[in-house]
1. Dividing the Cα radius of gyration by the Kirkwood radius, what Rg/Rh value follows for the range B:45-137?
2. Please give the charge dipole size of the range A:4-78, origin at the Cα centre, charges +1 on K and R Cβ atoms and -1 on D and E Cβ atoms. Round to the nearest 20 debye.
3. Rank these residues by their accessible area, most exposed first, probe 1.4 Å: B:149, A:66.
4. Shielding of B:256-264 by partners, i.e. mean partner chain Cβ atoms within 10 Å per residue?
5. Take every residue in peptide B:427-439, count the Cβ atoms of other chains within 10 Å of its Cβ, and give the average of those counts.
6. Using a 1.4 Å probe, how large is the accessible area of residue B:448, given in Å² and rounded to the nearest 10?
7. Report the net charge of residues surrounding residue B:51, where surrounding means a beta-carbon distance below 9 angstrom and charges are Lys +1, Arg +1, Asp -1, Glu -1.
8. Mind checking B:660-669 for the average number of partner chain beta-carbons within 10 Å of each residue's beta-carbon?
Amino acid sequence: MTDKTDITLNINGRDHAISVESRRTLADAIREECGQTGTHIGCEHGVCGACTVLVNGEPVRSCLMFAQQAAGKPIRTVEGLANGDEMHPMQRAFMENHGLQCGFCTPGFLMLAVGVLEKEPDITDEDLVDVLSSNLCRCTGYQNIIKAVRAAAIEMRQS
Amino acid sequence: MSVARPKLVGQSIVRKEDGPLLRGQGRFAADVNFPNQLHMRVVRSTYAHGNIVSVDLAPALAIPGVHAAWAFADVADIPPIDFRLTKLEQLAAYRQTILAKDRVRYVGDPVAVVFADDPYLAEDAAEHVVVEIEELPVILHADGETGEFRDGLSTEPAIIRKGYGDVDAAFANAHATVSLSLSIGRHSGVPMETRGAVGRYIADTDMLEMYGAAKVPHWNRDQIAKMLGRPPASVNLFEGHVGGGFGVRGELYPEDVLVCLAAMRLGRPVKWIEDRREHFIATNHSRQQTHHIRAAIDRDGCILAIDDEFFHDQGGYMRTHAATVPDLAAAMLPGPYRVPVYRAVGHIRLTNKTPGGTYRAPGRYESTFVRERLLDAIAAETGVDGVEIRRRNLIDKSEMPVTRALETLGTDIVLDSGDYVRLLDKALDGVSWTALQAQLKQRRQAGELVGAGVAMFVEKSGLGPFDDVRITINTKGLVEVVTGAASVGQGVETVIAQICADTLGVGYDSINVIHGQTDRIGRGLGAFASRVTVMTGEATRLAAAKLRDKVLATAAGLMQLPADSLDIVNGEIVRSDSSAGPSMGLAEIATALAPGAKFLGEREPSLFAEASFESRHMTYPYGAHVAVVRLARDTGAIDIERYLVAYDVGKAVNPMLVEGQIVGGVAQGIGGALYEEFTYDDRGEPLSVTFADYLMPTAREVPHVDVIISEDAPSPLNPMGLKGAGEGGTNAVGAAIAAAIDDALGQPGAITQLPVSPQMIKAILKNNL
Ligand code: FES
Ligand code: FES
């Protein structure tokens, strides 16, 4: 089980040359081998969505993907959302609408929402709630997450 | 005329905490790493009850990269984990050791641990530990026969008794008696971050450190020190970001002690991160109780007496909370009503399930469900509507404060302030109750199954006995507030900074708030029982006021002006009679008082102040919930159409955060009312071990929640009038939803247990045909 393969993960535009076992999950590789701990692990069985990242622009549960499957593909994580000091509209909207409490689920929600809105900027409010219902948050009761994503959606459409 | 300063307290300020969390720069337990660290994996019992025949560690130890493996014999010198609250002498023999000795008492009971270079490897190695267990019969129901815990000890270690007045006489003289049997399912906090701990021993200085602490770092520091036979000053606990607490996270568990012990023995940092399956079987469960309650009433439906007997399902061992949950259930059951005579008898029962502890609104989610079901039953018995029956029984404002001959958590219950009737009116107005009733009636006539329910409750908050705060201004003019509080994600830094900014007269952004670091402050009680805003908040105000005086006295000396002619505005010392004239920055004052500074003379060096706030009584916020539900005739599905919470918190420091607490609390309450339950098969095998079988509400299930934050009844126990806001969103959800479902079914008293499932609704509808 300890045979390792050399792969390159491209995270937020930067290449990370790492060596991983074939069973290593993408979530673990992003966190441990690449040191990007903003992506969180809440269940490791694909239900909570805390580990959501974008692979080829698609929201993916990185606990359900092996690191090797993502080799060479563009991966985006929460660390890549802001432009230097300037937060992404989604991050700002979460702050202004109190869309986070403990913040553990937040990176997953941010990446899910950004991934969906980039592809479907005109998604209806109703469908948006459906999308957001695929991730779990235990603190907020979702109300402010929904509010924040709707606010960011308007801003993202305008820009 | 003094300069008007805009106040931050009372405003919905954006949180201090958010920046790093939004940028992926949080430091949660799993994010903490040290060079050369080992990874721990726990081998857990797969039997709910049994004698340990043998534990063979050798096959695990034979794997390269595995550095140690322990069973009970290796940790036999470590005492069991002690009680933090509500200690009862007779419970001591039921405490949990850090590894099971010769018997396992639930699936998940730690039997052995392995330490390896890599977490995947540790997990592989754990599979190679061979544990032989001789299975014993299980006890899965707290209200059945008692059995043997071990060594002749009964599975009923204690009975909680509370009450006052002559119950038998009250029932003998009653106009009528109403009796109910009700139960609440087993569910729990289940934060999104699982538990985690990293132990590190620094041999040079003989210091032991644990990262990943939460909730009660100081208490845990003292306990770990005691269990490992070290002076408390040689152990430090560090709280990073915490991914939700809800009562379960941060209590002292076997794994916390194991990583510390291993770090010392193995001479390398040791990291343990719980996986989700482990979390479901190892971290505290809560709530499961069965109540048999009756009320004696007069002709008008006024309560003459309440008599309750209940069975509390504690699971495998008594953990840190000891008798806290059943004690709170018994003490808080009377709620906002006049209860002239009262008796509660609570049986603590050990079963072969995961041990229990507190979960948001502990004992109150349970007893509010029971009491409010009782009020609804009284209404049905009397033929008066549920709102009216509550009005008749609510304690009136003129009766405040009300001392109940009950105590809990070492305090006497004194309802400090409240206008319960007014809050009920606010809640009803919030949903236009009369119009709503008319609409529901119409819809029912059209064949829909819709109904509304109301539930009321009293919460508790601000548990003492003390909290300390130290505020320092450095020579750059930056303010640091060091508290003994802890943060589990609720916004502690923001609230404390708001209070400090107002009192001291400095900008919100120049304040840094420290919590959960045992090396920064000698003592601290942490974050539980909705205590932080009240206790730490008031301690902060006191320290800030002292520091303000010190700043002004020093400035007076430097500026050659009387201190009472000066004010601090936005971090500048200015003359309070006009905006003109000389001013001075806090940095200059701090520099003047820096150790060795010329100006210092006889003055105490450094610009700081300390204060403690002590309180022997809790403060009692109160609330009302209103739920509107629709049931699907064919599937039994339960849809919450509307939900409103009115909650009086005395004074809201940051209404946005209070609302966030309430809405988040409601979502958890809905989970316990409709979806979440830890179930077991008849051998005690847990059936809810993934998020696919333990169903937490998603954005689909949680309705929009309307919140009315009320400030009618400031607490007289602290100058700002604060009461805690953490648990009122959760408290009455089970009760309100049950009442609404009854109403939709047109069948008072139909709901007798939580969670309510669509299958139960279907069964009730079928029986009605
Ligand atoms: S950690 Fe990947 S879905 Fe939960
Ligand atoms: S903010 Fe805590 S889990 Fe979502």
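1. Taking Rg over the Kirkwood Rh, I get 1.03.
2. It works out to roughly 100 debye.
3. Descending accessible area places them as A:66, B:149.
4. Average neighbour count from other chains, rounded to a whole number: 0.
5. Values: counts 0, 0, 0, 0, 0, 0, 0, 0, 0, 0, 0, 0, 0.
Mean partner shielding for this stretch: 0.
6. Roll a 1.4 Å probe over it and residue B:448 shows about 60 Å².
7. In short, -2.
8. The per-residue average across the peptide is 5.
The values are calculated or read from the model by the stated rules, or taken from the named source; none is laboratory data. Remember, it's a predicted structure, so these values are computed and weren't measured experimentally. All Cβ positions, even for glycine, are placed from backbone atoms using ideal geometry, and neighbour counts span all protein chains on display. Areas reflect the complete protein model, heavy atoms only, side chains present, ligands, DNA and RNA absent. Shrake-Rupley method; radii C 1.70, N 1.55, O 1.52, S 1.80 Å.
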